[in-house]
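Below you'll find the structure, written out as structure tokens, and then a few comments.
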């Protein structure tokens, strides 16, 4: 089992944290709002702890479970405390009317995080295509949810893939970190489906393997 640090205390933090403690991982919660961090740790149970915001995370895998609007500031505040860590980017840099991205036209969210992080931290995009309540529920009818990942460092992706599998989910490697741009577009796809066809959030995007 792994030591996991989660920066953030919202829905996606609760979803990943809940699955992680059930799988036997050691979970640390860190948040600007210490009270919210304590509340989430208590909710998770199973020995989940809180860490001081801005201190070196205890986990080797650090889940960046904050909105994209805050994540670059968070990464800069932690600074060298993230050195050598695997940073899991769950964010979607989408504007307020869900029509476009807030990142520079020649970039994407995961790349901006990688620029802000220490050079020896490895960024892996994951979990960004799943609604938090769908993720929290885990496998449906015995079928694991697909978690698409992207990253440049093969060992880092292998560690994140093993973590995802331990949660009862199916990691689907999409390639280098540049593919995170496509995964961020997949979030827009989900929002388009929500608005125009599915009409609710009780769904996930996945792969059906035929034959």
Compute the length gained on full extension between residue 178 and residue 77: take 0.36 nm times their separation in residues and subtract their Cα-Cα distance, giving the result in nm to one decimal.
-> 33.9 nm
Spacing of the two label points (7 Å from each Cα toward its C-beta) at residue 191 and residue 204, in nm | 2.1 nm
Please work out the FRET efficiency for the pair residue 133 and residue 58, using the Cβ-Cβ distance as r and a Förster radius of 25 Å; give the result to the nearest 0.05.
-> 0.35
Could you tell me whether the chain comes out rounded, prolate or oblate from its Cα gyration tensor? Rule is a ≥ b ≥ c as square roots of the eigenvalues, rounded for a/c under 1.5, then prolate if a/b exceeds b/c, otherwise oblate.
-> rounded
Between region 168-203 and region 106-144, what is the C-alpha centre distance in whole Å?
-> 11 Å
Estimated distance in nm for a label pair at residue 96 and residue 38, the labels positioned 7 Å out from Cα along Cα-to-Cβ = 3.3 nm
For region 1-74, take the alpha-carbon Rg, divide it by the Kirkwood Rh, and send me Rg/Rh.
-> 0.92
So what is the relative contact order for the chain, in percent, with contacts set as C-alpha pairs under 8 Å and at least six apart?
-> 18 percent
Restricted to region 3-198, the DSSP antiparallel beta bridge percent, nearest 5, is 15 percent
Let me have the 222 nm mean residue ellipticity of the chain computed from DSSP H runs of 4+ only, each contributing -39500 (n - 2.57), with the sum over all residues rounded to the nearest 500.
-> -10500 deg cm²/dmol
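Throughout, read-outs are computed from the coordinates displayed, never taken from laboratory work. What you are looking at is a predicted structure, and each value in this text was computed from that prediction instead of being measured. Here the Cβ is made from the backbone with ideal geometry for all residues, glycine too, and neighbour counts use every protein chain on show.
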